[in-house]
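Note sheet for the following structure.
The values are calculated or read from the model by the stated rules, or taken from the named source; none is laboratory data. Given the structure is predicted, the values throughout are model-derived calculations rather than measurements. Please note: Cβ atoms are built from the backbone with ideal geometry, for glycine as well, and neighbour counts cover all protein chains shown.
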Number of protein chains: 2
Amino acid sequence: MTKVRIEEVAARAGVSAITVSRVLRAPEKVTPETRARVQAAVDAMGYIPNLMARSLASRRSGIVAILVPTVGNSIFSETVRGVSDAIAPGGLQLLIADFGYSDESIATLLRTLIGRQPDALVMVGVMRDKALRRMLGALSIPVIETWELTEDPIDTVVGFSNAAAGAAVAEHLLAGGRRRFAFAGGRDQRATARAEGFAAALAKAGVAAPLRAWTGPIRFAEGRLALDRILAEAPDIDALFYATDVLAVGGLLECQRRGIAVPERIAIVGLGDLDIASELSPGLTTIQVPAYEIGRRAGEIIVARLSGAADEERLVDLGFSLVVRESS
Amino acid sequence: MTKVRIEEVAARAGVSAITVSRVLRAPEKVTPETRARVQAAVDAMGYIPNLMARSLASRRSGIVAILVPTVGNSIFSETVRGVSDAIAPGGLQLLIADFGYSDESIATLLRTLIGRQPDALVMVGVMRDKALRRMLGALSIPVIETWELTEDPIDTVVGFSNAAAGAAVAEHLLAGGRRRFAFAGGRDQRATARAEGFAAALAKAGVAAPLRAWTGPIRFAEGRLALDRILAEAPDIDALFYATDVLAVGGLLECQRRGIAVPERIAIVGLGDLDIASELSPGLTTIQVPAYEIGRRAGEIIVARLSGAADEERLVDLGFSLVVRESS
DNA sequence: CTGAAAGCGCTTACAG
DNA sequence: CTGAAAGCGCTTACAG
C-alpha cells in the first residue's frame, strides 16, 4: 500500500482537498451529493488521514499525555483506564509514559511528552519541583494532577487526602482498642502523606508514635517481609497499617501462614480496596479510593475544557471511605 | 509561554534552523563551538522541538502503537511495561488504545492508531479478520502480534502456545490421578485455545470431556461463581482448570471459605503465575507465562527493525512452564 | 561544516 | 456550498 493522500481522494471524487477534509471533519457543511461522492472515494481507496499533518496544521493534536509511576500491574492502571474511557468518545488518543518511580527521569519524559504537543496532560501525583511547575503552567493546556490534594495545583487537581485517609485508619484502630502501632510503606509522596496523617492522629490521641517499616517495589512479598521485620523488632505491635493493599494482603497471608491471629493478636489495614481484599478470609479492612473515578473525572474535565467549557473547580476532592472487614 | 520555534533559537545562536536541528539530532556533525552556542540558546529559551512537525517532515513518528484488550489491572499491563522498557531507551513513545474486549471496535481503533503514523504496531492477540490482516500487512511497518502463536503471522508473532499450555495442565492432572474435569474461562481466543488443548489431551487419555463453565469480566468473584456453578452441576468434579489466575484465585479462596479440601477433594490450576499465586496457602499450581518478556521482546524486535536490522524469525515461541504448588 | 530551497500532508482564513 | 493560497514547524537532499 503506497499511502493515499487527501489530494488523491479529492481527484477521484472530483473535488478539492478542502472538501474532502470537510467531509471527514464537518460533513454537515457539505451537500449530501458531494458528501456521498467523497465518502465513496475515501472508502474505495482506504484513505486514512495523516493525523500528524492534521495536528500540525490545526494546532490540535488530539492527544492526551499521561505520566504514571509505572505502566504495570497496579492500581494506577485503573486511573489510566478511567482517562481512556472518558476521552475515547471524543476521539482523543492516549500517549503514556512511565517514570518507573524514578524522579530524575520525570523532567526528560515530560519534555518528550510535551514535544508531542498534547492537548492535555494528566499526571499521577502532585508536582513539587518549582521549575517543572512553571513549565507546565506556561503550557496553556489543561494539566491535571491526581491522587493527592493540594491548595495550589498547577491547574486542576483531582484526588483525595492521603493524610486524612491515614488519620481515618488511626481513629478506627484506636476505637478498636489498639495501642501499639506500625506503618509499612514506600517513600513516595502518597505513602508519606498517609504515614504522616496516621502518625498525627495517633499523637493527638496520646499514644506512642508508630513503628515505621520501609518497603521496596510494591509486591505481596514486600508486605510479608515488612511484617516479619516489624514483629521481630516489636513483637507487641497490635495494629499494622500498610500504605497499599498489595502489601497488606502479603502481610495478611503471612499471618495465616505463621498462625498469627488476625484480628485478635494484630489488626491489619490496607488502602486501595483491591478486588482481592474482600475475597480473603478474614476480609481485609481497607481504605477504598476512587482510582478509576479519578481518571474518569480527569478525562471529563479535559474533554469539557477542550470543547470550550469554563474552568470548573481547581480542586476536586473525590474522597475515600473506610471499609471495615474482619481483619481489624 | 508563547511557544519557541526553531527559527528563533537559530536567530539567537546566529545560525540557521538546520544547524539547530542538527545539534539536536546529530551533534557530532556540528563543530563543538557552534554546538555549544546552539545548546546555550536552546537551554536559555527552553526550546522543545515540535515532534509533530518533525514526524511529518522526517516521515518517522517515533511512536509505537499498542492495542490491548483493556488498559486496566491485568496481566497485559506487564506486556505493556515490557514494550515500554524496551522502546524508551530508543526515544520511542507509546500510544495505547484498548478495545475493551469488544471486537467490533477494533477496526476503528486500528485506523485511528494508524492515522498517527506509528513506526510500529503491537497487538495483544492474533488478528483473524482477513481485511484487517491485509490492511496491517500493507503498512510496511513492523506489526507484532502477541500472546498466541500462529504459523501465518501478519509480520511477526511473539507468544506461546495456549493449546499446549492447556494440554500440559491436563497431563499434570491426569498424572495426579484426577478423572473428572472442568474448565472455566471466557470466550476470547486465548481462553478458547487453552480449553481446546485441555480437552484434546483429556480425550487422548480417554477420559470424559471437561465440563465447561463460562465466565464474565475477569475478576476474583467470577472465579468464585464459576466454582459454585460447577459444583452445583457436577459435585464429583475433582480437577478444575481456570483460564487465568485471577479466576483460579477466586475459586481457591471460595474453597477455603466453603471448607472444600484443596487439593484432596478438588485440584485447582490457573494460568499466569500472578504474584499472589505463590503467596496463598495452599499455593496455586499454575502455568507461568512470559507476560513481561513478550512485551520486552516485541519492543526489542521493533527497535532492531527500525534501526535497519534484517527480519529475524517471524515466529517467536517464548514458551511457558508448569509451576506445581500445593493446589493440585 | 553550514545553509537555501523545497516539501512533508494536512487545515485555516478568506473569497466568491 | 466550494476552493486557491498560505502556512503549521520541522527535515531532506542537495550545494558549496
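At-a-glance table
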item	result
Contacts under 8 angstrom Cβ, first residue in the stretch B:42-66 being at the interface with chain A (Cβ under 7 Å from one of its Cβ atoms) and outside any strand (DSSP E or B), partner among the charged types (D, E, K, R) and surrounded by fewer than 20 Cβ atoms within 10 Å (Cβ to Cβ), 6 or more apart	B:ILE48/A:ARG111; B:ASN50/B:LYS3; B:ASN50/B:ARG5
Strands (runs of 3 or more DSSP E) contained in the stretch B:225-328 and holding at least 3 residues touching a residue at least 40 places away in the same chain (Cβ under 8 Å)	B:239-242, B:267-271, B:285-288, B:315-317
Scope the stretch A:125-147; condition away from every other protein chain (no Cβ under 14 Å), farther than 20 Å from A:VAL269 by Cβ and part of a loop (DSSP other than H, G, I, E, B); matching residues	A:VAL126, A:MET127, A:ARG128, A:ASP129, A:PRO142
Residue, nearest to the other protein chains (Cβ to nearest Cβ), within the stretch A:10-25, restricted to residues that are near DNA strand C (Cβ under 8 Å from one of its atoms) and more than 38 Å from the chain's Cα centre (by Cα)	A:VAL20
Condition met for A:ASP98 (more than 14 Å from chain B (Cβ to nearest Cβ) and at pLDDT below 95)	no
Residue satisfying all of: in the stretch B:167-194; within 20 Å of B:PRO263 (Cα to Cα), of a type in the set (Gly, Ala, Ser) and assigned to a loop (DSSP other than H, G, I, E, B); nearest to the chain's Cα centre (by Cα) among these	B:GLY176
Verdict on A:GLU151 being more than 10 Å from chain B (Cβ to nearest Cβ), closer than 25 Å to B:VAL80 by Cβ and acidic (Asp, Glu)	no
Sole residue being at pLDDT 95 or above, buried (at least 22 other Cβ atoms within 10 Å of the Cβ) and within 28 Å of B:ASP245 (Cα to Cα), chosen from B:ALA182, B:ALA175, B:ALA193, B:ALA167	B:ALA182
Residue in the stretch B:102-120 that is within 18 Å of B:VAL316 (Cα to Cα) and either at pLDDT below 95 or not in a loop (DSSP other than H, G, I, E, B) (or both) present	yes
Residue within the stretch B:93-113 that is within 16 Å of DNA strand D (Cβ to nearest atom) and either out of contact with any Gly (no Cβ under 9 Å at 6 or more places or on another chain) or under 22 Å from B:GLY125 (Cβ atoms) (or both) present	no
Selected residue (only one of B:ARG265, B:ARG212 is under 21 Å from B:GLY166 (Cβ atoms), at pLDDT 95 or above and either more than 11 Å from every other protein chain (Cβ to nearest Cβ) or within 22 Å of the chain's Cα centre (by Cα) (or both))	B:ARG212
Selection from the stretch B:243-261 of residues that are buried (at least 19 other Cβ atoms within 10 Å of the Cβ) and within 14 Å of chain A (Cβ to nearest Cβ)	B:THR244, B:ASP245, B:VAL246, B:LEU247, B:ALA248, B:VAL249, B:GLY250, B:GLY251, B:LEU252, B:LEU253, B:GLU254, B:CYS255
Test: residue in the stretch A:65-86 that is within 12 Å of DNA strand C (Cβ to nearest atom) and at negative phi	no
Tally of residues being more than 30 Å from B:VAL246 (Cβ to Cβ) and away from DNA strand D (no atom under 16 Å from the Cβ) across the stretch B:33-84	3
Yes/no for B:GLY272 being closer than 21 Å to A:VAL71 by Cα, assigned by TED's automatic domain parsing to the domain that holds B:PHE76, touching a Ser or Thr at 6+ places or on another chain (Cβ under 9 Å) and among the small types (Gly, Ala, Ser)	no
Count of residues meeting criterion [within 26 Å of B:LEU109 (Cβ to Cβ) and either within 12 Å of DNA strand D (Cβ to nearest atom) or exposed (fewer than 14 other Cβ atoms within 10 Å of the Cβ) (or both)] in the stretch A:18-29	8
Odd one out for A:ALA88 among (1) outside any helix (DSSP H, G or I); (2) buried (at least 17 other Cβ atoms within 10 Å of the Cβ)	(1)
Qualifying residue in the stretch A:69-84 (condition: farther than 18 Å from B:SER74 by Cα and not basic (Lys, Arg))	no
Residue in the stretch B:26-47 that is nearest to A:ALA131 (Cα to Cα), counting only those that are within 12 Å of DNA strand C (Cβ to nearest atom) and out of contact with any helix residue (DSSP H, G or I) (no Cβ under 8 Å at 6 or more places or on another chain)	B:ALA36
Looking only at the stretch B:215-224, and only at residues there that are crowded, with 21+ Cβ neighbours inside 10 Å and in a loop (DSSP other than H, G, I, E, B), the one that is nearest to the other protein chains (Cβ to nearest Cβ)	B:ILE218
Some residue of the stretch B:294-303 being within 10 Å of chain A (Cβ to nearest Cβ) and either in contact with a strand residue (DSSP E or B) (Cβ under 8 Å, 6 or more places away or on another chain) or closer than 16 Å to B:ALA191 by Cα (or both)	yes
Top-ranked residue in the stretch B:1-17 [being without any contact (Cβ under 8 Å) to a residue 24 or more places away in the chain and among the β-branched types (Val, Ile, Thr); ranked as farthest from DNA strand D (Cβ to nearest atom)]	B:VAL15
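Results for (1) touching a Ser or Thr at 6+ places or on another chain (Cβ under 7 Å); (2) outside the structural domain of A:ASP119 (by TED's automatic domain parsing), shown as yes or no for each residue.
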{"position": "A:GLY216", "(1), (2)": "no, yes"}
{"position": "A:PHE241", "(1), (2)": "no, yes"}
{"position": "A:GLU264", "(1), (2)": "no, yes"}
{"position": "A:GLY283", "(1), (2)": "yes, yes"}
{"position": "A:ALA298", "(1), (2)": "yes, no"}
{"position": "A:VAL303", "(1), (2)": "no, no"}
{"position": "A:GLY308", "(1), (2)": "no, no"}
